[in-house]
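One structure is given here, and the rest of the page talks about it.
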Amino acid sequence: MKVVILAAGFGTRLGTTLPKCLVRVDDERTILDIQIESLKHLIDDIYIVVGFKKEMIMEYYPELTFIYNPLFFATNTAKSLYLAVKKLDDDVLWLNGDVVFEPKLMEYILSHTEGSFMAVTMGNVDEEAVKFKVDEHGFISAVSKELTNALGEAVGINFVKREELKLLVDGLARCNDNDYFEKGIEYAIENGLKIKPLDISEFFCTEIDFEEDLRRAKEALKKINE
């Protein structure tokens with residue numbers, strides 16, 4: 001298995017001058033620290049896509065493998081993910097570089113790699129969330145921010161089996177510069193990708209977009225670690 005962490009963006013909504021993955025969640029750990037700790041047994045197979053202030057991230061974790069998106073300022077996550085997976089020939093787990101979660105979540109996710117999946121939470125979601133729907137067989141049929149009457153929210157952690165990876169790569173290749181990788185997933189679904197939702201509602205997991213998200217993550221992890 002290869003792991004891809006998407007960390008090329010600016011993170012301007014959080015109001016920081018750092019790459020978002022280097023923002024501290026507590027006195028000792030950054031967002032990236034939390035992610036790497038949960039994947040440390042896969043450390044030799046972790047690829048980080050970098051762009052904004054890439055040197056800071058590369059110096060922070062010099063033992064990892066880095067992929068540079070030279071157009072990070074003009075492209076979105078579809079292009080960053082494409083750069084990482086287009087030459088891979090393995091199962092691939094990928095996550096956004098701003099996802100904070102409790103330690104048990106990654107153990108749960110890595111125990112469900114028998115098929116391709118998208119980690120989700122069920123229930124009502126806000127307008128800005130990436131939402132999803134399923135077909136009559138329980139596979140993801142649509143995933144985007146624009147969906148109505150959705151089942152829940154995609155949290156930014158996904159897994160595709162090796163035998164289905166080309167469908168994802170081809171889907172990402174069709175994306176425009178400003179597309180999120182979820183658009184590539186939709187294209188891949190059109191071409192036959194079978195990807196199920198993996199409900200992780202019982203675990204704490206959130207993307208850090210705003211200061212309020214960071215505050216909530218700090219409080220939640222503090223309680224979990226007590």
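Within the set LYS166, LYS133, LYS87, LYS183, the sole residue that is farther than 26 Å from ALA220 by Cα and in a strand (DSSP E or B) turns out to be LYS133.
In the range 143-163, the qualifying residues are those that are over 17 Å from the mean Cα position of the chain (by Cα) and in contact (Cβ under 8 Å) with a residue 24 or more places away in the chain, and the one that is nearest to TRP94 (Cα to Cα) is ARG162.
Residues in the range 163-209 that are farther than 19 Å from ALA119 by Cβ and of a type in the set (Lys, Arg): LYS166, ARG174.
Taking interchain pairs and intrachain pairs at least six residues apart, which have beta carbon atoms under 6 angstrom, with the first residue in the range 198-226 and under 24 Å from GLY9 (Cβ atoms) and the second of a type in the set (S, T, N, Q)? Listed pairs, sorted by first residue: ASP213/THR206; ALA217/THR206.
Considering (1) assigned to a loop (DSSP other than H, G, I, E, B); (2) under 17 Å from ASP98 (Cβ atoms), say which one PRO62 fails and leave the rest. Every listed condition holds for PRO62 apart from (2).
Considering only residues in the range 12-45 that are assigned to a loop (DSSP other than H, G, I, E, B) and among the aliphatic types (A, V, I, L, M), the one that is modelled with the lowest pLDDT turns out to be LEU18.
Yes/no matrix, rows are residues, columns are (1) in contact (Cβ under 8 Å) with a residue 12 or more places away in the chain; (2) under 23 Å from ASN176 (Cα atoms):
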| residue | (1), (2) |
| --- | --- |
| GLN35 | yes, no |
| LEU39 | yes, no |
| ILE43 | yes, no |
| VAL50 | yes, yes |
| PRO62 | no, no |
| THR77 | yes, yes |
| TRP94 | yes, yes |
| GLU102 | yes, no |
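Residue count for the range 111-132, restricted to those that are in contact (Cβ under 8 Å) with a residue 12 or more places away in the chain and closer than 16 Å to ASN158 by Cβ: 13.
Of all the criteria given as (1) surrounded by fewer than 19 Cβ atoms within 10 Å (Cβ to Cβ); (2) at pLDDT 95 or above, the one not satisfied by GLU212 is (2).
The values are calculated or read from the model by the stated rules, or taken from the named source; none is laboratory data. Note that the structure is predicted; figures quoted are calculated from it, not measured. When we count neighbours, we look across all protein chains shown, and the Cβ atoms used for this are built from the backbone with ideal geometry, even at glycine.
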